[in-house]
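One structure below.
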Amino acid sequence: MSKLRFGMIGAGAISNLHLPAIQAREDCEIVCLADLNLEQAKARAEQYKAPRAVADYNELIAMDDLDAVVIGIPTQFHADAAIKALKSGKHVLCEKPMARTLELCDEMLQAAEDNGKVLQIGFVRRFDEDWGMMRKLVQEGKAGRPCMWRRIQAGAAPGPPNYGEWYSDARFSDGPSPESSAHDLDFVRYTFGDVKAVSAHMDHLSHHGDVLDNTIVLLYFESGDQALIQWSWSLPRGAAPGFGGMDVIGPEGCIHSNKNQDGKWISTVSRPDGLDTFEFENPRNADTWGQGQMNNFIHCIQTGDTPRATGHDGRAVTEIHLAAVKSMEEGRRIDLPL
């Protein structure tokens, strides 16, 4: 059987997740990388034995010997690259967030449907056994239902040497809510189902960039469950991260964030009669994280199955973010759909 031929748009930090996952597959090969920093694209191409590197992603998309494209560039360009790739007959795995507007999300969905190609969004948390265990305990009712998933994270905005400055630049990004927090917004929706309303407070606190870098988003689900997601990039670079944590609280108890204890992964639930402890496997192997995501993408290309994280899931997270911005601007709870 001939190998599945890949192109990677973007040779930055996120390519370190996708390229090894492609290379690990004997039925795949990396043909070309594209990045405005051509020297970096060439270096990645040499590292992963790809025969070509180009500066313009349009040149990569036009190649007729590619079957699939992975998009890992600033959010501003996701839709343009994805739509062009889908229309050229290539399957697309696009990094989150899907796009900056619902109209662009819809164009991406339509391009995938019209051309019969897979469109998967990079919500890698869906392949994470750590978060997956918390989801399992929620769905087993260990905290009771309805319940609230709480997630808090505070640090500095991504930047050099590992990341580009574009994350804090409003020309290319909308800040932590759709960027970093997209994983959280998607995962709680993956756990609880559709969101019916959003309340949010968002502002710019840091001395860096011009995006809304301090966000508090409260989600109300059709199921009756809730989620509180607080993400901040407001700290100065070099400062120690602020408080970070995650738990699920409910009428029957509290599901605590998991931990690695003496080489074993442990999940704990505080209940009125004591502490329940659950051991679970968290191998970070071929079925988890970046490799699991890539395996799922390739499986769907080969079989026609639906990806674990679809374009519709990507659109839903963009809608949640836009509702949060609207809530901040209007000072009220916003019902979905917009």
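Every read-out reported here was derived from the displayed coordinates using simple, explicitly stated rules and does not represent laboratory data. Bear in mind the structure is a predicted one, so any value in this text is a computation, not a measurement. FYI the Cβ positions are ideal-geometry reconstructions off the backbone, even for glycines, and counts take in every protein chain you see.
Expressed as an acute angle from 0 to 90° and rounded to the nearest 10, what is the orientation of the C-alpha long axis of helix 182-192 relative to the principal long axis of the chain? So the helix axis and the longest Cα principal axis differ by about 60 degrees.
Among ARG151, ARG237, the ranking by other beta carbons within 10 Å of each residue's beta carbon, starting with the fewest, stands as ARG237, ARG151. The modelled label-to-label distance for the pair PHE77/ALA240, using points 7 Å beyond Cα in the direction of Cβ, is 3.9 nm. Ordering MET328, MET98 from the fewest to the most neighbouring beta carbons within 10 Å gives MET328, MET98.
DSSP bridge analysis restricted to the chain gives an antiparallel fraction near 60%, rounded to the nearest 5. Label positions at LYS49 and GLU113, each projected 7 Å from the Cα along the C-beta direction, are separated by 4.1 nm. Comparing LYS264, LYS42, LYS142 in a Gaussian network model of the chain, where Cα atoms under 10 Å apart are tied by springs, the biggest mean-square fluctuation is seen for LYS264. Working from label points 7 Å from Cα in the Cα-to-Cβ sense, the ARG145 to GLU39 distance is 5.6 nm. Amide hydrogen proximity for VAL211: with H placed 1.01 Å from N in the peptide plane, the residues at 5 or more positions away or on another chain lying under 5 Å are ALA170. What the phi angles of region 155-160 give under the Karplus curve with 6.51, -1.76 and 1.60, with θ = phi - 60°, is a coupling list of x, 8, 5, x, x, x Hz, glycine and proline written as x.
Against the chain, whose longest principal axis comes from its Cα atoms, helix 38-47 is set at around 90 degrees. Among MET134, MET294, sorting on how many other beta-carbon atoms sit within 10 Å of each Cβ, with the fewest leading, yields MET134, MET294. Full extension of the chain segment joining LEU102 with ASP262 gains 53.0 nm, where the gain is 0.36 nm per residue of separation less the Cα-Cα distance.
Listed by chain and number, the lysines whose C-alpha is less than 29 Å from the C-alpha of LYS196, apart from same-chain residues fewer than 8 away, are LYS96, LYS136, LYS142, LYS326. Each helix, a run of at least 4 DSSP H residues, gives -39500 (n - 2.57); summed and divided by the residues of the chain, these come to -9500 deg cm²/dmol at 222 nm.
With 0.36 nm allotted per residue and the present C-alpha distance subtracted, the GLU222-LYS136 stretch has 29.1 nm of extension available. Remark: the GLU330-THR306 segment gains 4.9 nm on full extension, using 0.36 nm per residue and subtracting the alpha carbon distance. Averaging Cα coordinates gives a centre for region 88-128 and one for region 176-193; these two points are 16 Å apart.
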